[in-house]
Amino acid sequence: MTKRHNELKVGLIGAGRVAQIYADALIHSEDVKLVAVADSCSEAAQAMGKKIGCPSYIDAESMARNCPVDAAIVCTPPASHPEICIALLNAGIHVLCEKPFSIKVQDARRMVHTARKNGLKLTMASKFRFVTDMILATKMVSSGVLGDLILFENVFAKRVDMSKRWNSVPEISGGGVLIDNGTHSVDLMRYFLGSLAEVHVLEGRRSQGLPVEDTVAMFVRSTTGTIGNIDLSWSIDKQRTSYLDIYGSRGTISIGWNESRYFDYSVREWVILGEGYDKLQAFRSQIENFSGAIHGVEPLLLTDEDALTSVAIMEAAYHSLRQNKWVEILLPKPVAQAKRDGAAV
């Protein structure tokens, strides 16, 4: 890897599963160095700090006061994101926040407003945007090789026992599989198709006895008329080789876990596009984009406005789930416009 700029000093907020993936992804980075970890569980923070070789702290505020960091990666449950991110931003620290960005649009707007007020970068983690095969597929779609886009099909359905995980505690997660996995789904649909117009969500049987939804069928329509069919579940395993398929009038792109392919209707054969999903590569590329944006050498692939929009779409999705009908996606006003109109930020 060629070093492009001065090393970025980063702190990890949270010491759980996702934080460990970030740490693994950055082991050999020459651009980014993990210099601190913070977690409300001091034992977890100390264990990760010892593994990384850096000091540990009980919370983000103490890390910000005592350790010189340029940026932070927030890997805590969604309910804590607004308080933590705003505190970091007010301390002059750039923030990459794990998805879901926030549970409520109002909180997301405050986060974005704080970043802009302080002239700092704020982005939401969306690892699938950075998968090599995904980036190639977006270029193919943009080139028009698929013709008119007809159907976007996404499946994140794998059986996982969620009974002892925070993701199924609504007070801190904001919901169940819909917000947890569906945030990835709608971000990918926007990545390929642009603005989304309406959403309809149906809940399946709750087989795990959770207080949140564990299986949903999600239908989305883009503003250009393309339909999205999204299956999300923690309770069934569809065992598909692909997790995203885009169907057009001239061909199909199938993005898989171990292989991605393109089917040209005119020649009736599949062509291999890539080698599938590499989690560490996706996380590493995401952080490199974040670092590059901080140093002014490249734009953020996912802007703060994208993050705010993702929260608004999830709010509409939960309205649909409760009302059992199609719900229009009302995109939030840009933060600057909302401030001019006197809305709370």
Note: among I84, I58, I93, I73, just one is over 20 Å from N289 (Cα atoms), buried (at least 20 other Cβ atoms within 10 Å of the Cβ) and not assigned by TED's automatic domain parsing to the domain that holds G175, namely I84
Of residues in the range 17-49 being surrounded by fewer than 16 Cβ atoms within 10 Å (Cβ to Cβ) and either in contact with a strand residue (DSSP E or B) (Cβ under 8 Å, 6 or more places away or on another chain) or of a type in the set (D, E) (or both), the one modelled with the lowest pLDDT
E30
What is the one condition in (1) surrounded by 23 or more Cβ atoms within 10 Å (Cβ to Cβ); (2) touching a Leu at 6+ places or on another chain (Cβ under 6 Å); (3) among the hydrophobic types (A, V, I, L, M, F, W, C) that I246 does not satisfy?
(2)
Of the numbered conditions (1) in contact with a Leu (Cβ under 8 Å, 6 or more places away or on another chain); (2) crowded, with 17+ Cβ neighbours inside 10 Å; (3) in contact (Cβ under 8 Å) with a residue 60 or more places away in the chain, N181 fails exactly one; give the number of that condition.
(3)
State the number of residues belonging to the range 110-148 that are of a type in the set (G, A, S) and part of a loop (DSSP other than H, G, I, E, B).
5
So which pairs qualify, if the first residue must be in the range 56-70 and within 11 Å of I13 (Cα to Cα), the second must be assigned to a helix (DSSP H, G or I) and among the β-branched types (V, I, T), the Cβ gap must be under 6 Å, and the two must be at least 6 apart or on different chains?
A60/I84
Quick one: L96 ticks every box in (1) touching a residue at least 12 places away in the same chain (Cβ under 8 Å); (2) part of a helix (DSSP H, G or I); (3) within 21 Å of the chain's Cα centre (by Cα) except a single one, so which number is it?
(2)
The correct count of residues that are in contact with a helix residue (DSSP H, G or I) (Cβ under 9 Å, 6 or more places away or on another chain), of a type outside the set (A, V, I, L, M, F, W, C) and under 23 Å from N229 (Cβ atoms) in the range 186-216 is 10
Test: V267 is in contact (Cβ under 8 Å) with a residue 12 or more places away in the chain and in the same structural domain as A157 (by TED's automatic domain parsing)
no
Here is a list: V105, V155, V145, V141. Which entry is of a type outside the set (S, T, N, Q) and not assigned by TED's automatic domain parsing to the domain that holds V271?
V105
Just checking, does the range 255-275 include any residue being under 27 Å from R110 (Cβ atoms) and either of a type in the set (S, T, N, Q) or part of a loop (DSSP other than H, G, I, E, B) (or both)?
no
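The values are calculated or read from the model by the stated rules, or taken from the named source; none is laboratory data. Predicted model, so just to flag it, every value in this text is computed and none were measured. We place every Cβ from the backbone using ideal geometry, glycine too, and count neighbours over all the protein chains shown.
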